[in-house]
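These notes concern the structure reproduced below.
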Amino acid sequence: MHPILPDRTFAWQALEDTLRSLLQHSGYAEIRLAFLEHTELFKRSIGEVTDIVEKEMYTFKTASGTSLTLRPEGTAGCVRAAIDQGLLYNQQQRLWYLGPMFRHEKPQAGRYRQFYQVGVEAFGFPGVDIELEHLLLVSRLWSRLGLENIRLEINTLGSAEERAAYRQVLVDYLRQHESELDEDSRRRLDSNPMRILDSKNPAMQELLAQAPKLMDHLGGESAGRFERLLQLLQEMEIPCSVNPRLVRGLDYYCHTVYEWVTDDLGAQSAVCAGGRFDGLIEQLGGRPNSATGFAIGIDRLMLLLEKQQRLAPRPLPDVYMVLLGERAEAAGFALAERLRDQLPGLNLVVNCGGGSMKSQIKRADKSGAALAVLLGGDEVESGEVSIKYLREEGKQIKIAQAELPGLLRDRLDTKT
Ligand code: ATP
Ligand code: MG
């Protein structure tokens, strides 16, 4: 777990602003969720035989013996909150959240123990139009951020019944080849055989490529549903490739599943994952209802923005105010407050901690400010300020304090 340092937080905030604005402008409302949940919630929703529940959760007992877990993902908590707070009663919901998730994984580039996700969930939408909406949203995000080279992989898992029937077909096939399975897969043969398809073990790739495909065992309704979504994506010119082995690590998905992946991040290639999870609300004690959603890994998105040189630059001060002598102190802060009142867009830093003219100008320069506004005893006396241009040609000038807002306003106007 690592802090995000001040030289990076500006770019994080810019990304979060973009996300917020995009979601708010499409009818999504933010929900702020608990970071801690009963361990049972994740076991019941994500599934006992998954990487997350088997080995990645931070779980501990409280003094009274309750088992709690730091949230490894947001969907389970979001569904629980929506059920408990009556958000699902007779209404549709479009929700989003953003914040840290916790998984006990081996830390490496793009994989951390505290990482950040933006999650989007929609409840009460049974048709594939909502999947299309989500995929268009994500696609719009990529283009708004100027990102390239992210592909969409998509698959269908069918209904719960179709999955159950297919499961048997798959287990029969894998049993015939049990000696070729690795230890993890042999263990999953009984508990979670579909996850075997997801295995990255090179020795099993051939075997898995030959495995029966769920797609070939779908009923007409599920197949039609998937066809319809693919057709809509084509009409909206969202390229995608169907990956029959995409099953996702979490148990609660049905029908649509997808991942957005990139080749620019090495092994940690998935930046977004989502799909449909209609059964989950009922499983967690609510009335049966449809549910769809996705989550984007923000840390990976930041790495990708950096790689593709799309990180938002750090905003630099417009003005650094240099204050020389005791009299300039009160006068300078008063002037700064007036400027902030008059020019809400102004980025203004006032020197604190005193110092000679030379050392204050040095700080001004280091701050990245465009202008230094100097105020000494003489200027206070005459109601003036001196202006030193730090990034452009131009002699130091002296103007009346009353002229300063106008001069700065002109500069701010040309900046935007
Ligand atoms: P992976 O296969 O990379 O482990 P996942 O299937 O476990 O991903 P999800 O649970 O679907 O991931 O979470 C959605 C997104 O959150 C991922 O696509 C990824 O961008 C991000 N993510 C997941 N785990 C981590 C992590 N430990 N560190 C940083 N980002 C992560
Ligand atoms: Mg994982």
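Structure above, values below:
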{"item": "Total residues in the stretch 89-134, condition under 22 Å from residue 291 (Cβ atoms), near ligand 1 (Cβ under 10 Å from one of its atoms) and of a type in the set (S, T, N, Q)", "result": "1"}
{"item": "Residue tally, condition within 16 Å of ligand 2 (Cβ to nearest atom), outside any loop (DSSP other than H, G, I, E, B) and either under 21 Å from the mean Cα position of the chain (by Cα) or not basic (Lys, Arg) (or both), over the stretch 11-63", "result": "8"}
{"item": "Any hit, the stretch 303-318, residues being over 22 Å from residue 146 (Cβ atoms), touching a residue at least 12 places away in the same chain (Cβ under 8 Å) and surrounded by fewer than 23 Cβ atoms within 10 Å (Cβ to Cβ)", "result": "yes"}
{"item": "Members of the stretch 237-260 found to be surrounded by fewer than 19 Cβ atoms within 10 Å (Cβ to Cβ) and in contact (Cβ under 8 Å) with a residue 24 or more places away in the chain, listed by number", "result": "238, 239, 240, 241, 242, 243, 244, 245, 249"}
{"item": "Candidate set: the stretch 70-88, residues that are free of Cβ contacts under 8 Å to residues at least 60 places away in the same chain and outside any helix (DSSP H, G or I); chosen: the one nearest to ligand 1 (Cβ to nearest atom)", "result": "72"}
{"item": "Yes/no for residue 187 being without any contact (Cβ under 8 Å) to a residue 12 or more places away in the chain and either assigned by TED's automatic domain parsing to the domain that holds residue 120 or surrounded by 13 or more Cβ atoms within 10 Å (Cβ to Cβ) (or both)", "result": "yes"}
{"item": "Scan of the stretch 325-334 for residues that are touching a Leu at 6+ places or on another chain (Cβ under 7 Å) and of a type outside the set (D, E, K, R), ordered by number", "result": "328, 331, 332"}
{"item": "Close pairs from the stretch 283-302: first in the same structural domain as residue 129 (by TED's automatic domain parsing), partner within 8 Å of ligand 1 (Cβ to nearest atom) and part of a loop (DSSP other than H, G, I, E, B), Cβ under 8 Å, at least 6 apart", "result": "295/73; 297/110; 299/110; 299/112; 300/110; 300/268"}
{"item": "Those helices (runs of 4 or more DSSP H) lying entirely in the stretch 204-309 with at least 1 residues within 16 Å of ligand 1 (Cβ to nearest atom)", "result": "280-283, 298-307"}
{"item": "Output for the stretch 244-264, where each listed residue is modelled with pLDDT under 95 and over 17 Å from residue 158 (Cβ atoms)", "result": "249"}
{"item": "For residue 63: the one exception among (1) touching a Ser or Thr at 6+ places or on another chain (Cβ under 6 Å); (2) over 24 Å from residue 230 (Cα atoms); (3) more than 13 Å from ligand 1 (Cβ to nearest atom)", "result": "(1)"}
{"item": "In the stretch 262-314, residue nearest to ligand 2 (Cβ to nearest atom) [restricted to those that are in contact with a Lys or Arg (Cβ under 6 Å, 6 or more places away or on another chain) and among the β-branched types (Val, Ile, Thr)]", "result": "271"}
{"item": "So residue 348, is it surrounded by 21 or more Cβ atoms within 10 Å (Cβ to Cβ) and either outside the structural domain of residue 246 (by TED's automatic domain parsing) or more than 14 Å from ligand 1 (Cβ to nearest atom) (or both)", "result": "no"}
{"item": "Matching residues in the stretch 85-123 - criterion: being crowded, with 19+ Cβ neighbours inside 10 Å, among the small types (Gly, Ala, Ser) and away from ligand 2 (no atom under 16 Å from the Cβ)", "result": "122"}
{"item": "Output for the stretch 249-274, where each listed residue is within 18 Å of residue 110 (Cβ to Cβ) and under 18 Å from the mean Cα position of the chain (by Cα)", "result": "259, 260, 261, 262, 264, 265, 268, 269, 270, 271, 272, 273"}
{"item": "Criterion: in a helix (DSSP H, G or I) and in contact with a helix residue (DSSP H, G or I) (Cβ under 9 Å, 6 or more places away or on another chain) - qualifying residue of 314, 338", "result": "338"}
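The rows are residues; the columns are (1) assigned to a loop (DSSP other than H, G, I, E, B); (2) over 10 Å from residue 322 (Cβ atoms).
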{"position": "344", "(1), (2)": "yes, yes"}
{"position": "360", "(1), (2)": "no, no"}
{"position": "363", "(1), (2)": "no, no"}
{"position": "372", "(1), (2)": "no, no"}
{"position": "379", "(1), (2)": "no, yes"}
{"position": "385", "(1), (2)": "no, no"}
{"position": "394", "(1), (2)": "yes, yes"}
{"position": "399", "(1), (2)": "no, yes"}
{"position": "413", "(1), (2)": "no, yes"}
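The values are calculated or read from the model by the stated rules, or taken from the named source; none is laboratory data. Since we're looking at a predicted model, the values are computed, not measured. Every residue, glycine as well, gets a Cβ built from its backbone with ideal geometry; the counts of neighbours run over all protein chains shown.
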